[in-house]
Structures are given as structure tokens and as C-alpha cells.
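The values are calculated or read from the model by the stated rules, or taken from the named source; none is laboratory data. If you're wondering where the values come from, they're calculated on a predicted model, not measured in any experiment. With ideal geometry, Cβ positions are generated from the backbone for all residues, glycine too; neighbour counts draw on all protein chains shown. For the accessible areas, the whole protein counts, side chains as well, though only heavy atoms, and no ligand, DNA or RNA atoms are used. Shrake-Rupley method; radii C 1.70, N 1.55, O 1.52, S 1.80 Å.
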Amino acid sequence: MAAVSFAAAAAKEKHQERTPLQRVQLEGHVLLKIAKHCRESDASLRNSEATVTGQLLGLDVGPTLEVTDCFPYPGNAGEEEHEAVGEGESYQLEMMRCLREVNVDSNTVGWYQSTSSGSFQVVEMIETFVSYMESLERCVCIVYDVSAAEAGALGLKAVRLSEAFVEAYREGSLSIEKIRAKGLSWRDMFVDIPITVHNSPMAAALAAEIAPPSAATTLDCDRLNLGVASLLEKNLSYLNDCLDDLMIEQGKLSMHQNQLRRQQQAIAQFKMQRRQENTVRRAAGDEPLTEEPPEGMFKPVPEPNQLDNMLLSNQMASYCQHINSATQQALSKLKLADGLQAAI
Amino acid sequence: MTTPITLPVGATENSVRVHPGVLFTITDAFLRRKEENERVIGTLLGTIADGVVEVKNCYAVPHSETHDQVSLDVQHHHTMANLQQRVNSREVIVGWFSTGDPDASRNRDALIHTFYGSECANPVHLALDTSGGQDGHMGVRAFVSRALSIGGVELAREFLEVDCEVRSTEAERVGLDLLSTELQEKLPGDMDGLADSFERLQHSLQQAQDYVDAVVAGKRKGNVAIGRYLAETVATVPHYGRDEFERMLTDQQNDCTLVLFLSKLVQAHLALADKLGTMQLPLI
């Protein structure tokens, strides 16, 4: 309950200042906790495609959003929504109360979730964002890429929705005209916020203490692994799925355009008929009829929502980016293997 | 009739493996401790297999201490244990942690240890020395307790230090590089990581080469074990004929380039669609 009032207070502050969010400052141990949860929670082990989520706690200081702690949510979010909304809420409240007792910042600043190959741009994400933003203007979502971690990279990203997009989304269905009028494009839906990592001096000392001697590690082996085919294959198949979905969306759009065209033709025909009728009537000395078709005769054709289209574009863009970086790395690794082989 | 004087009870061959995340969480909890407390204590969660206790998670428990008394918020401990259980059912309570010098507070520690003895079979006490100790190190030590008993009657318990190893999994390693500085401005990109790995590989090769050169030149006495390791390593590099290797390399490179081309093509389409504002991929 106190958390809610905190959130409200934070929201109020935001209205007063409205300084844009410039960076997210992660505490080092939060990073480890997120990585651990995303890799080995029940949900992620049962099904490697499942997303796991958790809550971020911290402080909102000027242009920086400090994330000082986090805790995981049980199960996967989808299950929770359908089966036990109340239970999930009580879990959250209990957890917050417990953490407050040990002086953790019990102020929600957003949530984190796992993803595979950066495919986090889905409708659920936007819904969650919008519902978070009702109570908390400045919230952020940290996305941890599990597949990037397997390849020895740090797939960490802080995203939020752009103000312009949220405004348009709240107004209802996104039509092409609205998107154009607002100058929105799929590129401006999500905003990446730079992440900085902060460690207390004590944590830094601890890290120095337990740091293993620097030699080639298993991490290096992961990074230097030559078998990138499976990763590329996965990314390509995702990209393919996206393309298929996009084609369906485009089909919907062209069907809509066809319908619209047919309707306009019908309207034009109707007007033409009326005009001919009117000339006859005028000749007979009668009052001419109005040329506008009566209301209800032509219902406006509903335009398909462009949200999916934009999301798909976003997903494809991020898959492309992954593929680009993966192939570039693969090419440099092949070069290395070439050199190695030549030396033997 | 003779009665044995002392008998060690419980597994003594334990060793403890701690994940770094646990230590960092403890450090954070220590920095956030209550004003009147000198240290923090809390519960360790993890798994036990083959006498190795793997500590994977932990949470702080509020407590208050006086000279020889200690009270623990048992309610808090149980609530948290239940909550954690719902996230990861395989992690069970394996012991407890404290900060500060473990030798300075043995009386009270024994009380806490007895309590955790009722929570799990053979609790582990993990001590993180946040005071810096004498030599300025932040020592990580682990203890188990052993009962001293005469004729089956327990008289006392003693703490026994066991092996403690800080082990990070590969994915954690990525994050660990970020933890050693107080403020890291920029997250490393994918290519940076690869470049680092290349550098380390080169360094290792250089080191091996220098060593071999020195031995061959007679400047250094060769170590048979190292020589054998080097020979084994070289032997594991698969040897292909030049043509065969060339073909494999070209195949792989062609695959990569083709995929790269495809992805760039899609990107170009997307960019074009964006510029035209029609929400349609222009050429597909």
C-alpha cells in the first residue's frame, strides 16, 4: 500500500518536472539476479521459449532511474493472468513488505523479462506498459536476451514506449491516417535507454577478490564457438514467421482497400443515378432530390489496426540486427580459424 | 562396557560452492542494514548433491542482537522461504549467512545455527568478512557444525570450516566483468566481447609459444606435464587437407554472407516501407 502511494508520489513529481528519462542505472547485483532468474527459474526450465518476468525496485532521481533491487514473479505471466490474478498480487505485496523490512527500496520502477533473440515486441508488452504507465509515468522494462547470453554476450536492454506512441495507442485503433498525422513510424515505438552499471565500492572490492585469474575461460570458448549455423537458422526461421505474419497483415490491408474502392464506386454510381433522376424530375417540374446518399446506406468500412504491422516490423528489424551481428562475428571467427589452420 | 568419548555426527566431507550473485546480494544487504545492527544475517537457498552444497540464492532476515542474545524474525524468514519456493521449487534452505568476523560472535552464531538446524538437515554457515580483516581481504568462509556427544548425549557443537569455492556459471561471467568497476558507463557490445576473447586467445598462444621457445633454446627447464598438455592441445586441433579446409571455409563463409544478404534485404524493405508510409513492403 505504501508502495502504491510511493508510486503516486513519484508520478506527481514527474508531472511537476517532466525531465525526460536519460539513463537507467543498474546495480551490479540486480544484473546477476535477473540473469539467474531468466536462466534457471521453473518456468524457463520447463519450456525454454517461456518468458519469465520480475519486478524492478529502485529510485527515480532526476534524469536517472536507479534500479537497486528486483524480485522474480512466480510462474509465467500468462498463467498468472488467467488462473490466479489475486494470488500474483498477494505474492507481490508480501514480497514488497518483506523487502521493505530489510530496507530495500520498495518503489516499483518497472519490470524485467526474458526474451529469445530480442523478440519482445508483442502486444502484451504494450498492454503491460500502458497499464504500468497509468500509475507510474516513468517506468522501464529491462529485457534480458537468453540466447545472447548463451553465445557469450550480454543481451541486456532497457526499453520504454515513446510518449507519442502511447498517446496514439490510448486513443484507440491505429489507422494509417492517424499514424501519418502524428508522424509515427515503427521505429519510434520503442525507445532504447542507455544502461549504466553501478557498484558500491564494497561490491567492486568483492568482485576484485573473487575474480578468477585472467586466462582463456569457458566464456571465451562460448564466444569463439564456430558453430553459428543453429543460431542463424533459428533467427532466420523467426524472421520467416514474421514475414508470413506480415504478409497476412498486408493481405488484410489490401482487402480493406478493395472494399473501400468498391464502396466508393457504388457511391459514385448512386450519385450518377440521382443526377439523371433529378434532370427527369426537373423537366417534370418536381423538386430535385438530394444527391447525398441517405445515412446508413453505405456503412464505413472498418480499417484494420496497424498495431500488429508496426510490431512485426519492429521484430523483424531486431531479428535482422541479430543476424547481422551474428554473421559478422561468424565471419571474423572463420577468418581466425583460417589463420589457425594455415599456421599448423 | 566402554562408551565412545566423542563422535563426529553428520557429514564432514561437505564442501560449499557459492554463486557470486549470492555474495553480491549479501554485500548489498549489509550496506542496507539497520542503523543499530553491526551485521546482517539471512537464509541461504540452493541445492545439495554428492556432499557439495551449492548456494544459489539468499535473502536477508531482520534480526536484533545484544551481547549474548539474538532474536530472528522467524515470521519473515518463513514468508520469504515460501515466496522463493514459488519461483524456484528446486532451491531449498541450505543454511544461513552472516557478515563480519565469524570468530568474534561464536556464542550467538551457535544459537542461530541451532535454529537453522531445525529448518534443514545440516545447515551451512557462510561468513563474508565485510570488515576487510587483517590483510584487507574480503574472505568468504563456510562452516558446518559437528556435535560432540558422549554416549549419544549431545554435549556441545563445534563449528568446522569446510572448503568454500566461488563458482560462477558462464553467463554470470559476462556480468562479472561489469561488476569490478564502480560505474560502468557503457555496456559492452557483442563485437567487444569477441574482440576481448580474440585478444585473450592471442595472449595465451603467445605465452605458450614463448614458453616453448625458451625451453627449446635451453633457457628454461621444461616441465614434462606442461609439455604433455601442450602436445594434447595441439593434437586436438583437427587436421584437414588444404583443399578440404578451403572448401569448408568457403561454404561457411558463403552461408554467412547469404544470410547477411537476406537480412540486409529485409532491412532495406522495411526502411523503404517506412519512408513510403504505406505500411506495405514494396517489393514482396
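At a probe size of 1.4 Å, how large is the accessible area of A:F270, to the nearest 10 Å²?
30 Å²
Pop out a list of residues from segment B:28-65 that are at least 40 Å² less accessible with all the protein chains around than in their chain alone; 1.4 Å probe, no ligands or nucleic acids counted.
Correct list: B:D28, B:L31, B:R32.
Evaluated at 25 °C with a viscosity of 0.890 mPa s, what Stokes-Einstein diffusion coefficient in µm²/s does segment A:244-343 have when Rh comes from the Kirkwood expression over alpha-carbon pairs? Can you show the working numbers first?
Working: Rh = 19.3 Å.
The calculation lands on 127 µm²/s.
By per-residue mean of other Cβ atoms within 10 Å, what is the highest-first order of B:40-53, B:230-243, A:26-39, A:184-197? Working shown, then result.
Working: B:40-53: 19.9, B:230-243: 10.1, A:26-39: 25.1, A:184-197: 18.0.
Put in order of decreasing packing, that is A:26-39, B:40-53, A:184-197, B:230-243.
If you count only protein heavy atoms and use a 1.4 Å probe, how large is the accessible surface of A:S162, to the nearest 10 Å²?
We get 20 Å² for A:S162.
With equal scatterers on the alpha carbons only and no solvent term, can you work out the Debye log10 of I(q)/I(0) for chain B at 0.07, 0.10 1/Å?
-0.51, -0.82
Just the number please: accessible area per residue for segment B:13-172, 1.4 Å probe, all protein chains included, in Å². Each step should come with its number before you reach the end.
Details: 7070 Å² over 160 residues.
About 44 Å² of surface per residue is accessible.
Report the one residue of A:S131, A:I176, A:C141 whose Cα lies farthest in the direction of the positive end of the charge dipole of segment A:101-196 (charges on C-beta: Lys and Arg +1, Asp and Glu -1; origin at the Cα centre).
The Cα lying farthest towards the positive end belongs to A:I176.
Could you run the numbers on buried accessible area between B and A, total for both chains, 1.4 angstrom probe, in Å² to the nearest 100?
8700 Å²
With the radius of gyration and the Kirkwood radius both derived from the Cα set of the protein assembly as shown, what is their ratio Rg to Rh? Write out the running numbers ahead of the final one.
Numbers: Rg = 31.7 Å, Rh = 28.9 Å.
Across the protein assembly as shown, the Cα-based Rg/Rh ratio is 1.10.
With a 1.4 Å probe and all protein chains in place, put B:I150, A:I179 in order of accessible area, largest first.
On the way: B:I150 80, A:I179 10 Å².
Result of the area sort, largest leading: B:I150, A:I179.
Restricting to bridges with both residues inside the protein assembly as shown, how much of the DSSP beta-bridge set is antiparallel, in percent to the nearest 5? Walk me through the intermediate numbers first.
Working: 55 of 82 bridges.
Antiparallel bridges: around 65 percent, rounded to the nearest 5.
Give the accessible area for A:Y238 in Å² (nearest 10); use a 1.4 Å probe, count only protein heavy atoms, and leave out ligands, DNA and RNA.
Roughly 40 Å² of A:Y238 is accessible to a 1.4 Å probe.
Ranked from the most accessible area to the least, with a 1.4 Å probe and all protein chains present, what is the order of B:D190, B:D213? Don't skip to the end; give the middle numbers.
Values: B:D190 60, B:D213 85 Å².
The most accessible residue leads, giving B:D213, B:D190.
Rounded to the nearest 5, what is the percent of antiparallel bridges among the DSSP beta bridges in chain B?
70 percent
Å³ per residue of the Cα convex hull, for segment B:188-237?
On the way: hull volume 4.3 nm³, N = 50.
In segment B:188-237, the Cα hull volume divided by residue count equals 87 Å³.
Over the protein assembly as shown, what percent of the accessible surface lies on carbon and sulfur atoms, probe 1.4 Å? Please list the in-between numbers first.
Details: 17410 of 32290 Å².
Percent of accessible area from carbon and sulfur atoms in the protein assembly as shown: 54.
Counting only other chains, what is the mean number of Cβ atoms within 10 angstrom of the Cβ of each residue in peptide B:244-256?
Working: counts 0, 5, 2, 0, 3, 5, 1, 0, 9, 6, 0, 7, 12.
Per residue, the number of nearby Cβ atoms from other chains is 4 on average.
Give me, ordered by chain and number, the residues 5 or more places off A:A153 or on other chains with an amide H under 5 Å from its own placed amide H.
Here nothing satisfies the definition.
Probe radius 1.4 Å, ligands and nucleic acids left out: which of A:M247, A:M133 has the largest accessible area, and how do the rest follow?
Working: A:M247 75, A:M133 10 Å².
Result, largest first: A:M247, A:M133.
For chain B, find the longest principal axis of its Cα atoms and tell me its angle to the long axis of helix B:170-179, 0 to 90°, nearest 10.
Roughly 80 degrees, rounded to the nearest 10.
Which whole number gives the average, over all residues in A:220-230, of C-beta atoms from other chains lying within 10 Å of the residue C-beta? Before the final figure, lay out the partial values.
Values: counts 11, 3, 6, 11, 5, 0, 1, 1, 4, 4, 0.
The per-residue average across the peptide is 4.
What does the structure give for A:262-274 when I average, per residue, the other chain Cβ atoms found within 10 Å of the residue Cβ? List each step's numbers first, then the result.
Details: counts 0, 0, 0, 0, 0, 0, 0, 0, 0, 0, 0, 0, 0.
Partner-chain Cβ atoms within 10 Å, mean over residues of A:262-274: 0.
What's the local net charge at B:H63, with K and R +1, D and E -1, over the other residues with C-beta under 13 Å away? Let's see the in-between values first.
Values: positive: B:R33, B:K34, B:R39, B:R108; negative: A:E101, B:E36, B:E38, B:E65, B:D73, B:D109.
Around B:H63, the surrounding residues sum to -2.
Can you give me the angle between helix B:242-276 and the longest principal axis of chain B, using Cα atoms only, in degrees from 0 to 90, rounded to the nearest 10?
Long axis of B:242-276 versus the principal axis of chain B: about 90 degrees.
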